[in-house]
Amino acid sequence: MDVMGRTDNSQGAAWHWVAATLFTALCVAIAYTPGQGDFYILAALYVPAFLLYIYIYQRVDSSRSFRFFLLVGALARLLLVPAMPQLSDDVYRFIWDGRLVVQGINPFAHPPVHYLLAAARPEGLSPDLYAKLNSPEYFTIYPPVAQGTFALACWLFPKNIWGATIVMKTVLLGFELGALWVFPRLLRRLGLPEKQALLYALNPLVLSEVMGNLHFEGAMVFFLLLALLALAAGRWRASALALALAVASKLLPLMFFPFLIRRLGWRRSIAYFSIVGAVLALLFAPLFGEAFLSGFSDSLGLYFRRFEFNASVYYLLRWLGFRLTGFNLIAYLGPALALAALLGIAGLALWEKGRDWKSLPPVMLLAICLYLGISTTVHPWYASLPIALAALSRYRFPILWSGLIWLTYINYSYTEYRENLYAVALEYLLVYSAAAWEVKRSRREC
C-alpha cells in the first residue's frame, strides 16, 4: 500500500511539473515573441496555452495541487515583468502622461498633438515618442491610480522607456499578486471552491494582457476583490476605501454601485458612498480643474462617438444604419448604446432580489457583460474583469470568451489594418450561445 501510495504521489507530482513547465513556457513565449502583426505565431502559442489551462483546471483536485498552481500563476507573472509590451502600444501613452505629471503639467490639459506643435515643448516629449502614440489627437483617459504609477515610473527613469516600463510592470505585479492572495480568501467567504481562483490566476489572456501588455485592469481587479472581501467580512468602511481605489484605477466599477444598495440598506449605503466619494475627491484633486473637466469629458465623448473595435450589437446596428442612411451612425449610436447600458444595469439592479454577498459577483458579471455587449469598442484586455467575476460565480462563458477574443489580433496581420468581421461573428456567436445557455440553466436551478 505504501509503495502504491508513493507511486501515485510521484505520478501526481510528475504531471504537475510537466504541465506547469509547459504552460509557463508558452505564456512567456506569448509575452516575448509575437508582435502585434504576428497573428499566426500568436495562434500557435495561445491555443495550446489555453487548452493546457483548461486541462490543468480540470485536473486540480486537492488543496496541494491548488496551491502549487497558484504559485505557478505568480511565477508566470514575475517572468513577464521584463517583457516590453508586444501586442499593444498603450505603454507609450503611459510614458507621455508620466513625463507630463513629473513636470507638474496636468495630462488632461491638452492632447499630445498640442505639445508637438507648441513652441516650447516639455522635456521628454520627443517626436520619436510622439510617433509611437496610437491616438495623439485625443485627450488621456487614465484616472489617478494609473497616472500616479506613470509618474512614479518616469520620475525613477526620466529618459529610459524600458526602465519606466519595468517600474509600471512591477507595480502591476504587486496588484496581481495581491489579487491571487485575495481570491482564495474571498472564495471561502462565499462558500465556493478555492480552486476557482485558478480561472483567473492561470488565464492566458489575463497573463498576456495585464502583465504582458501592461493594462491596468489588474489594479482595478485587485481593489475590487479587496472591496468584496471586506464586504463579506462585514468591514464596509474598508470596502468603501478599496472600491474607491478600484474606480480610481478604471472607472468601470461605478456601474456596480446600484447592486450594493439593497445589500447595505439605504442608511449604510449613504455612508458607504460618501466614503467612496470623499476618497475619490482626494485622489482626483491633483488632476482636477477646468482642464480635467474639459479633457476627460471630451475623451469619454470621443470614446462613445468615434472608436469602434470588436463590437457585437453595435456592428449590427451600424450595418442597419448604413442600409437605411448610407453612412456610419456611430455619433448617434454610441451615446444611445451607452444610455441603454446605463438603463439596462439600473433595470438589472431593480430586478435582482439578492441580499447576500454570494449573489453579488454573478449579477456584477451580468452587468459588465451587458455593458461590453453593447459597447462600440471591446479590446481583448476588457475581458479581464468578466474573467475575475466568473471565478467568483458559477458562470463560465467569460472563460470561453478569453479563448476567443484574442482572434481580434488577426486585424493587425494584414498589409493594411482591417477588421475581420468573420472572426468577430465567430467570437460572439459562441460566447452569446454559451451565456444564454448558462443564464437559462441558472434560472432553472433557482
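Using the crude model of +1 on Lys and Arg Cβ and -1 on Asp and Glu Cβ, and no other charge, please compute the dipole size for the stretch 150-208 relative to its Cα centre, in debye to 20. Walk me through the numbers before you get to the answer.
Values: 6 positive and 2 negative charges, 22 e Å.
It works out to roughly 100 debye.
Using the Cα atoms of the chain, I'd like the radius of gyration and the largest Cα-Cα distance, Dmax, both in angstrom.
22.2, 82
Taking θ as phi - 60°, what are the ³J(HN,Hα) couplings along the stretch 272-282 by the Karplus curve (6.51, -1.76, 1.60), each to the nearest whole Hz, with x for Gly and Pro?
With the stated coefficients, the stretch 272-282 comes to 4, 5, 5, 5, 4, x, 5, 5, 5, 4, 5 Hz.
Extension gain Ala44-Leu426, at 0.36 nm per residue separation less the Cα-Cα distance, in nm? Present the calculation step by step, with values, prior to reporting the outcome.
Working: separation 382, 0.36 × 382 = 137.52 nm, distance 1.87 nm.
Net length gain for the segment: 135.6 nm.
State which entries of Lys159/Lys250; Lys250/Lys440; Lys169/Lys358; Lys132/Lys159 exceed 25 angstrom in Cα-Cα distance in the structure shown.
Working: Lys159/Lys250 27 Å; Lys250/Lys440 31 Å; Lys169/Lys358 32 Å; Lys132/Lys159 15 Å.
The pairs that break the limit, which is 25 Å between Cα atoms, are Lys159/Lys250; Lys250/Lys440; Lys169/Lys358.
Determine one quarter of the surface area of the Cα convex hull of the stretch 325-402, which equals its mean projected area, and express it in nm² to one decimal.
Details: hull surface 25.0 nm².
The number I arrive at for the stretch 325-402 is 6.2 nm².
Once you've got the GNM for the chain with C-alpha springs shorter than 10 Å, pick whichever of Gly98, Gly234, Gly218 has the biggest mean-square fluctuation.
Sorting by GNM fluctuation, first place goes to Gly234.
From the square roots a ≥ b ≥ c of the eigenvalues of the alpha-carbon gyration tensor of the stretch 317-446, which class results: rounded (a/c under 1.5), prolate (a/b over b/c), or oblate?
Values: a/c = 2.31, a/b = 1.47, b/c = 1.57.
Oblate.
Would you compute, for the Cα atoms of the stretch 21-121, the largest minus smallest coordinate along each principal axis and list the three values in descending order, in whole Å?
Principal-axis extents of the stretch 21-121 (Cα, largest first): 63, 32, 19 Å.
Using modelled backbone amide H atoms (1.01 Å from N, in-plane), which distant-in-sequence or interchain residues come within less than 5 Å of Phe309's amide H?
It is Thr377, Val378, by chain and number.
Scan the chain and report its longest stretch carrying no chymotrypsin sites (Phe, Trp or Tyr not before Pro) that are both in a DSSP loop and have at most 15 other Cβ atoms within 10 Å. Don't jump to the answer; show the numbers that get you there.
On the way: sites that count: Phe288, Phe327, Tyr414, Tyr417.
The longest uninterrupted stretch comes out as 1-287.
Give the residue list of GluC sites (Glu not before Pro) in the stretch 345-434 that are DSSP loop and have at most 14 other beta-carbon atoms within 10 angstrom.
On the way: sites: Glu352, Glu416, Glu419, Glu427; in loops: Glu352, Glu416, Glu419.
Within the stretch 345-434, the qualifying GluC sites (Glu not before Pro) (loop, at most 14 other Cβ atoms within 10 Å) are Glu416.
Send over the Kirkwood Rh of the stretch 177-268, from the inverse of the averaged 1/r over different Cα pairs, rounded to one decimal Å. Working shown, then result.
On the way: mean 1/r = 0.0722 Å⁻¹.
About 13.9 Å, per the Kirkwood formula over Cα pairs.
Taking the chain as a Gaussian network, where each spring joins two C-alpha atoms under 10 Å apart, which residue of Leu129, Leu333, Leu180 fluctuates the most?
Between Leu129, Leu333, Leu180, it is Leu129 that shows the largest mean-square fluctuation.
No value in this document is a laboratory result; all are computed from the given coordinates. Keep in mind it's a predicted model, so treat the numbers as computed, not measured. As a convention, Cβ positions derive from the backbone with ideal geometry for all residues, glycine included, and neighbour counts pool all protein chains shown.
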